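Have a look at the structure below before the remarks.
The values are calculated or read from the model by the stated rules, or taken from the named source; none is laboratory data. Because the structure is predicted, anything quoted here is derived from the model rather than measured. Every residue, glycine as well, gets a Cβ built from its backbone with ideal geometry; the counts of neighbours run over all protein chains shown.
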Amino acid sequence: MIKKYSLGLLVITMVWSLIGVQAQQPAPPNDETKIRDYQAQIQLLMANAPAPGSDAETKYRAGLQSLSSQLRDLLLEKRGALKSKISNLQGSSSTEIKNYVEALRSELLNVNSDVTKLENAMGQAGAIVTVVQPQPQPSPSPLPPPTNAQVAFETTVKNLAAKDLTKEAAPAVVAASADPATPCRPASAGGSKYDRTICSLAVRLNNQIKPTLNLSQNTGDLFTIMVAKLLKTNSAESYVTFITEAQEARVDQQVGSGPGSKGTTSLVVKGGVPYLFGLAVENGAATQSESDTTITYRVNPGGMVNMLGKKGFITGYKESQNDPFLKFLGKTSLGFTFDTSRGNTPGVFTGDKQQLSAFSARVEFVNERDPRLKKYERDWEEFVATHLVNLGQVLSDVGLALTDDTTRGPVTFKDSALQAWKQQSDDALNDAVTKAGASISSDDRINLIAGVIRQRADLLPVDLVSEETKTQLRNFAEQYLEYTTKKKELLDRIARGKIFTIEYTNTRGVNAPDLSNINFIAATGMGARIDLTANGSFTFFNKVPGGTALVPKPGRIRDFQFAGQLTVPFKFGESQFDFWFSGRYERLVENASTVAGTIVPGTKGDIAVGQFGLNIPIKSLGIKFPVSVTFANRTELIKEKEVRGNIGFTFNWDTLFSKLKPF
Amino acid sequence: MTENDHDDLSYNGTAGETVTVIVQAQNTNQMVVYSLKGAPEVPWPANGTLEFQLDPGLNRLRLTIDCNTENGSHQVTVRTVQNETNNECVHVWPCGENPVQANFRFFT
């Protein structure tokens, strides 16, 4: 009887301690009140415990069990609410919200632990108190005793786990990644698939309740890392760095100013619009006689509305697709070009009205480069039915061959060396996250996890891993390479879809007449991701200038233009460069004006311009340096051949924003 | 059915019990194939929902999930889970560098 009462007191003590812990955590007011009620009731019950063996003992036990069950239900509800809160908030960029999410995550771990303890304690109490059954729960069949083979495996893993496996890893010079370790946040990971895989796994572990290498859901990333390390160091086969399918791979977006601007490096205007915000600083002039530095800000109003509303890249895009007005805004962009040679302090960017040399508005009417378009649905269905089915089959086969998922516990590696490595890695992850504490931001936590994964990947015990494991990984690598190649082919075909955009530009002269230009922009692709862009435009005077004795009053239309550009993206190292060649024909219907506003007689006529150039990127940051050389038979004011060099700097915020705040 | 471990995707149920699994693709086409109880992989039903009954012992449901955009996600909901809010267990896998294979295990 004393033993039974000891168990009962154990339950009461645990329930009491749990209530004490939970009462300090934020919870909905109703639940908090209920918790306090249970606390008071249990305290009352404990204070009035009946004598052992008395008639009141049965009722006492039943009451205790009932309170425990209800408390457990509350904790489970709280756990669900915490998970939901974390899921909803974890994409926010706000520091306060990030800190709150980390506190919730820490609290969730505590609640999980508490629920387990409570259920265990109730199970013990159930041996003596069986009056109350809160809900019929399925009763799983009892766990079978471990087999001799399992015991032997666990002993081997235990011995290996206690050993320093670093001696069995490949030499550091061989195992280490060729790329420098770039942080996953705030910028994206580096260009290699290996680096992106490290970050991908870190983000996924950060989403898990406990950041451990989980063989129930992390094998896609984990096998990729293992292939990179194990096949690289011990086999003739090497893992292929896949071609980036990232935002910077798009060649259809125009960030800088159009060809009419003094500072532009392009002859042709492209059709795509950035989702959020673009900045271009360019020096040179494609068709103008003066060559100055211009700064162009290009803004997507829909994206800006979402950003100001603190919505992420995905959430914002998704919501805009359901709102006709936001959807329209999402297909527009506004451009503001500033000429730094203007104003009271020429050469210094002030961004004031005097330096505003052009304003533009662009609407994208057709864009067939979105993989989710209905016209590509059948292609994706066929892709899934063939290539993803094949990859899934290999992943399942390799998973079954390399892991043991037959017990109710976590899935384990069959290879004892890998399992020991996994256990050490989980310990390292746990230590790092615990030491960092709950106050660490989500981004820092992802970087921390990525750092640990990177270190642990270099310590994979290459010399201890079985040949069977390597054979299975090789099977996966071959199928995965084929899958990725086919997927890239389909994405490349979609990236050559048609684009049609109309742009209106208002150019503000200092003394020269203000001009309006309407440009029709069409683009399509051909061959191996070559991008073809064509422009047709006409320019008219906002206000027709008066004539002089030398120059008669001009008509409303000033000029019309046709232009075409061929863009060829190519990989150099890990970065994607764009080479382009373009040509432009302009018919000046009226005489051109100088900056001072003087109409120069005899300048009517034809202007032909050719250009070739190269976009030099900084990988994954959305920054490009366009460099180009332009040949012209004349300029608008001077009827002489000219060769001009242009250099610029463009920044596409989409690339960075999609990494910084994806949700 | 009860959830055994959220991250391990493991559940305890009873033989003959009906399990419902719902996949919802967000900002990507649904790119999911599955293998149930060791059968060959096939594409996930177009309506997003799969129902099956548990056999005695271990029932494996392997989902291989990929995306055709960088910024999408797939949400997988398992019903009916008695020890979860609304009797359903929700997992979200954001699109990442590599496909995810989620190995759901149902023990009876």
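Apart from one condition, A:P180 fits all of (1) surrounded by 21 or more Cβ atoms within 10 Å (Cβ to Cβ); (2) closer than 26 Å to A:F572 by Cβ; (3) at pLDDT below 75; the exception is (1). Go through region A:393-410 and report how many residues are buried (at least 22 other Cβ atoms within 10 Å of the Cβ), facing chain B (nearest Cβ under 8 Å) and in contact (Cβ under 8 Å) with a residue 24 or more places away in the chain. Adding up the residues that qualify gives 2.
Within region A:538-553, being under 25 Å from A:I502 (Cβ atoms) and not in a strand (DSSP E or B) holds for A:N542, A:K543, A:V544. Could you list, in sequence order, the residues of region A:366-392 that are at the interface with chain B (Cβ under 7 Å from one of its Cβ atoms), outside any loop (DSSP other than H, G, I, E, B) and in contact (Cβ under 8 Å) with a residue 40 or more places away in the chain? Selection gives A:W380, A:L388, A:L391. In this entry, A:I638 is excluded by the filter for residues that are within 23 Å of the chain's Cα centre (by Cα), surrounded by fewer than 21 Cβ atoms within 10 Å (Cβ to Cβ) and at pLDDT below 80.
Looking only at residues that are free of Cβ contacts under 8 Å to residues at least 24 places away in the same chain and more than 7 Å from chain A (Cβ to nearest Cβ) in region B:43-55, which one is nearest to the chain's Cα centre (by Cα)? Result: B:W44. Here B:L58 does not qualify as aliphatic (A, V, I, L, M) and more than 7 Å from chain A (Cβ to nearest Cβ). So, in region A:194-219, of the ones that are among the basic types (K, R) and either touching a Pro at 6+ places or on another chain (Cβ under 7 Å) or over 17 Å from B:Q101 (Cβ atoms) (or both), which residue ends up farthest from the other protein chains (Cβ to nearest Cβ)? Out of the qualifying residues, it is A:K210.
Just wondering, is there one or more residues in region B:17-29 that are facing another protein chain (nearest Cβ under 8 Å), out of contact with any strand residue (DSSP E or B) (no Cβ under 8 Å at 6 or more places or on another chain) and in contact (Cβ under 8 Å) with a residue 60 or more places away in the chain? No; the residues of region B:17-29 include none that is facing another protein chain (nearest Cβ under 8 Å), out of contact with any strand residue (DSSP E or B) (no Cβ under 8 Å at 6 or more places or on another chain) and in contact (Cβ under 8 Å) with a residue 60 or more places away in the chain.
Kindly establish whether B:T108 is in contact with a Pro (Cβ under 6 Å, 6 or more places away or on another chain), surrounded by 22 or more Cβ atoms within 10 Å (Cβ to Cβ) and at negative phi. Here the answer is no, as B:T108 does not meet what is asked.
Residues that are surrounded by fewer than 21 Cβ atoms within 10 Å (Cβ to Cβ), facing chain A (nearest Cβ under 9 Å), in contact (Cβ under 8 Å) with a residue 40 or more places away in the chain and not aliphatic (A, V, I, L, M): does region B:96-104 have at least one? No: region B:96-104 contains no residue that is surrounded by fewer than 21 Cβ atoms within 10 Å (Cβ to Cβ), facing chain A (nearest Cβ under 9 Å), in contact (Cβ under 8 Å) with a residue 40 or more places away in the chain and not aliphatic (A, V, I, L, M).
Based on this model, can you work out whether A:F349 counts as away from chain B (no Cβ under 14 Å) and assigned to a strand (DSSP E or B)? Judged against the criteria, A:F349 is not a match.
Kindly provide the set of residues from region A:523-541 that are out of contact with any Lys or Arg (no Cβ under 8 Å at 6 or more places or on another chain) and either of a type in the set (D, E, K, R) or exposed (fewer than 14 other Cβ atoms within 10 Å of the Cβ) (or both), ordered by number. If the condition is that a residue be out of contact with any Lys or Arg (no Cβ under 8 Å at 6 or more places or on another chain) and either of a type in the set (D, E, K, R) or exposed (fewer than 14 other Cβ atoms within 10 Å of the Cβ) (or both), then A:G527, A:A528 are the ones that fit. The single condition among (1) surrounded by fewer than 22 Cβ atoms within 10 Å (Cβ to Cβ); (2) touching a residue at least 24 places away in the same chain (Cβ under 8 Å); (3) more than 9 Å from chain A (Cβ to nearest Cβ) that B:A39 does not meet is (2). Return yes when A:Q576 is assigned by TED's automatic domain parsing to the domain that holds A:E503, in a strand (DSSP E or B) and at pLDDT below 85 and no when it is not. Yes.
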